[in-house]
Amino acid sequence: MTLRLPEDLRDRLRDHAKSERRSLNSELVYMLEVGLRAAGVDAGSPGGDPASPAPLRGKPDSPPQAGGTPTPV
């Protein structure tokens, strides 16, 4: 799927995904699932339980980058 985003929005999303130690794709899927739940849409997720956040990326013992919000595991 091709998704056209304004460059500044793409950069902000990429930076946020990096701070959460996720790929951009994983972060977008997570954000969409959270947004759909907040909007009351409950269609489930083919990737598993929609209430579970996307797994963290990177080394398990590495701290998140400055400015990132800790993600519950």
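Coordinate-derived values only; no laboratory data. Keep in mind that this is a model prediction, so the values were computed, not measured. We place every Cβ from the backbone using ideal geometry, glycine too, and count neighbours over all the protein chains shown.
The table below lists the values:
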item: Set of the range 1-22 residues, backbone N closer than 16 Å to the point 7 Å along the Cα-Cβ line of Leu28; result: 1-18, 22
item: Cβ-derived FRET efficiency at R0 25 Å, Ala39 paired with Thr2, nearest 0.05; result: 0.55
